[in-house]
């Protein structure tokens with residue numbers, strides 16, 4: 001019997017039959033030269049501290065509340081594992097000037113007014129608990145995908161990256177857009193389930209299901225870190241003090 005998945009409770013009997021008959025959901029598999037992509041884990045989407053969602057959105061309207069902070073702890077462990085294995089770590093955050101020109105089509109869907117520059121800068125800052133290190137790269141974007149209108153793909157090509165571990169926010173929005181573009185650029189994608197979050201549970205879960213069916217493997221934190229450590233061991237990059245744990 002297959003292990004249960006987070007989306008199982010949302011699928012009808014017909015959904016299960018269609019999924020089985022379609023042939024979708026095959027394993028993508030991990031690459032041998034991965035990078036970690038951390039999508040938009042900034043104060044706009046996390047708030048400044050763990051607190052219930054409705055309380056958090058009073059100050060940060062796009063916050064995901066406590067779900068964000070549960071994922072932040074997982075993302076911190078992913079970052080540490082990647083650093084130990086010399087795997088590149090990329091962050092993204094949104095770029096928005098005082099003119100608001102970059103907003104483009106966001107104006108059609110967002111009711112949020114352009115904030116004062118100081119608050120906007122704070123909102124687009126990666127949360128301190130997972131702040132980029134000196135060897136990490138931050139991609140500034142104006143659209144959902146980390147790839148659209150940015151140099152992200154050129155950096156991956158330079159580093160000969162063949163696959164991505166993807167995490168961040170929102171599962172249904174910028175994470176999914178980044179995953180689809182990575183797939184479209186023939187990269188293998190591993191979406192780390194516990195390291196992604198969204199404002200609504202159903203959007204989070206169903207988008208994980210759909211990405212797993214079409215564009216990526218949705219994997220657990222445990223499996224992701226095991227894959228990361230395996231790459232480090234193959235390269236001889238994992239420090240000796242970590243090797244026992246990495247091979248357990």
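Every number here is computed from the coordinates shown, using simple stated rules; none is lab data. Predicted model, so just to flag it, every value in this text is computed and none were measured. Neighbour counts are summed over all protein chains in view; Cβ atoms, including those assigned to glycine, are modelled from backbone coordinates with ideal geometry.
Restricting to the chain, what percent of DSSP beta bridges are antiparallel, rounded to 5?
Working: 1 of 25 bridges.
In the chain, DSSP labels about 5 percent of beta bridges as antiparallel.
Please build a GNM for the chain, connecting alpha carbons under 10 Å apart, and tell me which residue among 59, 229, 199 fluctuates the most.
Result: 59 has the largest fluctuation of those listed.
Using only alpha carbon pairs under 8 Å that are at least six residues apart, calculate the relative contact order of the chain and give it in whole percent.
26
By per-residue mean of other Cβ atoms within 10 Å, what is the highest-first order of 145-153, 66-74?
Descending packing order for the listed peptides: 66-74, 145-153.
Need one number: nm distance between label points at residue 140 and residue 55, each 7 Å from Cα along Cα→Cβ, rounded to one decimal.
Output for this residue pair reads 3.4 nm.
Among 63, 227, 12, whose mean-square fluctuation peaks in a Gaussian network model of the chain (Cα, cutoff 10 Å)?
Evaluated over the chain, the most mobile residue of the options is 12.
Multiplying the sequence separation of residue 24 and residue 86 by 0.36 nm and subtracting their Cα-Cα distance, what value in nm do you get?
Value of the extension gain: 19.0 nm.
Could you tell me which label, among (i) 59, 45, 35; (ii) 49, 49, 34; (iii) 55, 43, 30, carries the value of Cα extents along the principal axes in Å calculated for this structure?
(ii)
Need one number: nm distance between label points at residue 10 and residue 185, each 7 Å from Cα along Cα→Cβ, rounded to one decimal.
2.7
Once R0 is set to 22 Å, what does the formula 1/(1 + (r/R0)^6) return for the Cβ-Cβ distance between residue 153 and residue 131, expressed as a FRET efficiency to the nearest 0.05?
Step by step, r from the Cβ atoms, then E = 0.35.
Quick check: pseudo-label points 7 Å beyond the Cα along Cα→Cβ at residue 77 and residue 230, how many nm apart are they?
Roughly 1.8 nm, to one decimal.
Is it possible to state the helix-based mean residue ellipticity at 222 nm for the chain, with each DSSP H run of 4+ residues giving -39500 (n - 2.57), the sum divided by total residues, to the nearest 500 deg cm²/dmol? What is it?
-11500 deg cm²/dmol
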